[in-house]
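What follows is a single structure, written as structure tokens, with notes after it.
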Amino acid sequence: MKAVICIALVCSQCVVAQHTTSKYLLDKDTKAPLRAATIHNANDYTITNDDGLFVFYSANDSITIKMLGYETLKTTFKALSRTKDTLYLTPKPFQLDEVTLSNKNILQEAYNHATTNYPMEPFAEDFFLRCVLKRNGELLKIEDFSGRIKRDKLLGVKKNFTFQLLNMRKFGIEKKGMRADDFDIPSLNDVFQWWSNILFLDSKEYRFSGLKVIDETHQQVIHTPKNEEDDKSSIGHFIINTDDYAVKERIHKINPKIIHKIPYTKKPFIKYRTIDYFYKEKCEKDAKKGKYFIANAIVNAKVEGYVGEERIVYDVSFELIVTHPFSDLSTFKANVNGKKELFKLEVPYNKEFWETQNQLPLTNEMRNFINKTHNQKEYRVISNF
């Protein structure tokens, strides 16, 4: 009986042993904040926000902090508990200019290794998603989701998703007398379709050049459109791991040469067009599965609109962190319509829930927006916390 009690006590301690740490991460040389650096261990993932701040929760004591172009820092929660609130990453001295290698070969190797490097069967993962909307440079809405996604596969033009939302927090303002739907926000389906569609490009539409060595195991390949007159053309790059030919980073952004050619979409009382966009994906390899997953992804877009003669510029951003890759598929339970507009989703807010979740910390700008006393005569405040 004593043995049983001892075992039960040990197991209960294992369940509740949750570590937490919060630090700022800066470049050791410039002292500039490092945005979107990865903090992880074998179980959990998070990243730094625009201020270089991260909060990390895990039952695993080990911590790896890394960013492309910097020396990796391996530490523990216990060690960080004895340090100051700021950490520094050291830039890697290894940096070469353009080298003469076959661009086509490394890209072809990435394509050839796709079925080996990425999951091609259904899987689930836990995620954090932040959506931010600004109007003429001023914050309008912030919405954070914690949830799970079930994917039928990672790559492909058409992918099927189902979602299980665990909690949500939102804060926003709407100007009284203004149409609440003057800017449409995408759905969960829309946002997740964007990511992973751009990992691979058609060589008939793009040319690849400027192979550059980033460090001893990563090379960058730049892509540009063959037809620069196409108003849907884009520019960007891949960063490929030369050990296993996985795409580690992908940037896809608007071609500045075609902005003036982008047509307006016209609706009653308003016309609008996208004048800038930026997509970025970073992939990590899960040690247990041996497969890569999208650990962090960003979409930023700038939309120019006119209501009569008044010019309005909206900035909308979506940022994803996969906090727990390849989570238990058997416990997944879909509970939300993925086609519904993000800001129209309703999930109750739970303060205690957010105090133990890996997430993107609010920036100073966001905190000031939430804490500001907004003019109740001019604005409606929309909040669930």
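General remarks:
- Residue in segment 323-336 that is in contact with a Gly (Cβ under 7 Å, 6 or more places away or on another chain) and farther than 30 Å from residue 115 by Cβ present: no
- Qualifying strands (runs of 3 or more DSSP E) (wholly inside segment 289-385; at least 1 residues being without any contact (Cβ under 8 Å) to a residue 12 or more places away in the chain and surrounded by fewer than 15 Cβ atoms within 10 Å (Cβ to Cβ)): 310-327
- Residue match in segment 295-308 (condition: over 19 Å from residue 134 (Cβ atoms) and among the basic types (Lys, Arg)): no
- Search result, residues across segment 105-137 that are at pLDDT below 85 and in contact with a strand residue (DSSP E or B) (Cβ under 7 Å, 6 or more places away or on another chain): 107
- Looking at 275, 258, 240, just one residue is in a strand (DSSP E or B), surrounded by fewer than 20 Cβ atoms within 10 Å (Cβ to Cβ), in contact (Cβ under 8 Å) with a residue 12 or more places away in the chain and β-branched (Val, Ile, Thr), and that residue is 275.
The values are calculated or read from the model by the stated rules, or taken from the named source; none is laboratory data. Note that this is a predicted model, so its numbers are computed, not measured. Quick reminder, even Gly has a Cβ in these numbers, built from the backbone with ideal geometry, and neighbours come from all protein chains shown.
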